[in-house]
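Worksheet for the structure shown next.
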Amino acid sequence: MASVVFLRGVNVGGSRTFQPSLLARALAPWDVVNVGAAGTFVIRNPIGEAAARAGFLAQLPFETHLTICRGRDLLDLAAAKPFSSTPAGHDTRPFVSVLAKRPRTLPHLPISQPPGEKWQVRIVGVSGKLVLSLMRRLGKTMLYPNEVVEKHFGVPATTRNWNTIVTLCEILKAE
């Protein structure tokens with residue numbers, strides 16, 4: 001089964017920049033597919049996690065944290081349609097954070113930051129290493145799901161919009 005690699009904090013704000021398409025090309029023997037500029041890749045050929053981690057890190061011109069998950073985990077998550085009951089609206093967007101490892105204990109959910117009616121990030125579910133959240137834009141100060149997830153789970157994470165997860169699943173299904 002394919003694997004999905006998520007790089008953390010790359011191509012953001014002009015720091016730790018690289019060309020994802022060139023990285024995918026350098027790892028062509030693994031049949032790597034680049035998805036966007038945020039450092040998200042599908043490895044279609046079976047390869048062990050340690051080898052994948054070493055291969056990616058050897059090709060990057062800087063140090064970064066990366067998380068690898070099984071493609072099956074994303075497909076199972078998408079099949080469950082976790083955001084199907086999310087109220088429609090342009091102000092609420094679904095996200096998935098991928099934890100570096102499973103937390104020892106799970107916090108009580110949902111978690112809203114800030115608490116109350118003016119929440120900007122709401123963590124609504126967990127599936128293994130995948131944390132589901134919603135983000136709303138309210139006011140000038142913005143909270144992002146990644147910082148809220150890391151604070152409450154105590155584990156490094158990287159976060160992607162649900163649309164990216166859907167795209168990953170389309171690539172995985174086509175395998």
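The values are calculated or read from the model by the stated rules, or taken from the named source; none is laboratory data. Computed from a prediction, not measured in an experiment: that's the story for all the values here. In this analysis, Cβ positions are derived from the backbone assuming ideal geometry, glycine residues included, and neighbour counts consider all displayed protein chains.
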For the stretch 3-52, the count of residues that are under 20 Å from F95 (Cβ atoms), in contact with a strand residue (DSSP E or B) (Cβ under 9 Å, 6 or more places away or on another chain) and surrounded by fewer than 17 Cβ atoms within 10 Å (Cβ to Cβ) equals 2
Of those in the stretch 118-163 that are of a type in the set (S, T, N, Q) and in contact with a strand residue (DSSP E or B) (Cβ under 8 Å, 6 or more places away or on another chain), the residue nearest to L7 (Cα to Cα) is T158
In the stretch 130-175, anything β-branched (V, I, T) and out of contact with any Leu (no Cβ under 8 Å at 6 or more places or on another chain) is listed as T141, V148, T159, T164, V166, T167, I171
Pairs returned, first residue in the stretch 36-48 that is free of Cβ contacts under 8 Å to residues at least 40 places away in the same chain and in the same structural domain as C69 (by TED's automatic domain parsing), second residue that is among the small types (G, A, S) and surrounded by 14 or more Cβ atoms within 10 Å (Cβ to Cβ), beta-carbon separation under 6 angstrom, 6 or more apart or interchain, are none
Condition set in contact (Cβ under 8 Å) with a residue 24 or more places away in the chain and surrounded by fewer than 17 Cβ atoms within 10 Å (Cβ to Cβ), scope the stretch 157-166, selection nearest to V98 (Cα to Cα): answer is N161
Note on the stretch 133-151: residues buried (at least 17 other Cβ atoms within 10 Å of the Cβ) and assigned to a helix (DSSP H, G or I) are P145, N146, V148, V149, E150
What about A79, is it surrounded by fewer than 16 Cβ atoms within 10 Å (Cβ to Cβ) and either modelled with pLDDT under 90 or under 25 Å from E117 (Cα atoms) (or both)?
no
Taking V5 as the residue in question, decide whether it is among the β-branched types (V, I, T) and more than 19 Å from V131 (Cα to Cα).
-> no
When every residue in the stretch 9-37 that is within 18 Å of G71 (Cα to Cα) and under 13 Å from the mean Cα position of the chain (by Cα) is compared, the one modelled with the highest pLDDT is V35
Checked pairs for the stretch 59-74, first within 18 Å of K173 (Cα to Cα), second modelled with pLDDT under 90, C-beta under 7 Å and 6 or more apart or across chains, list as R70/M1; G71/M1; R72/M1
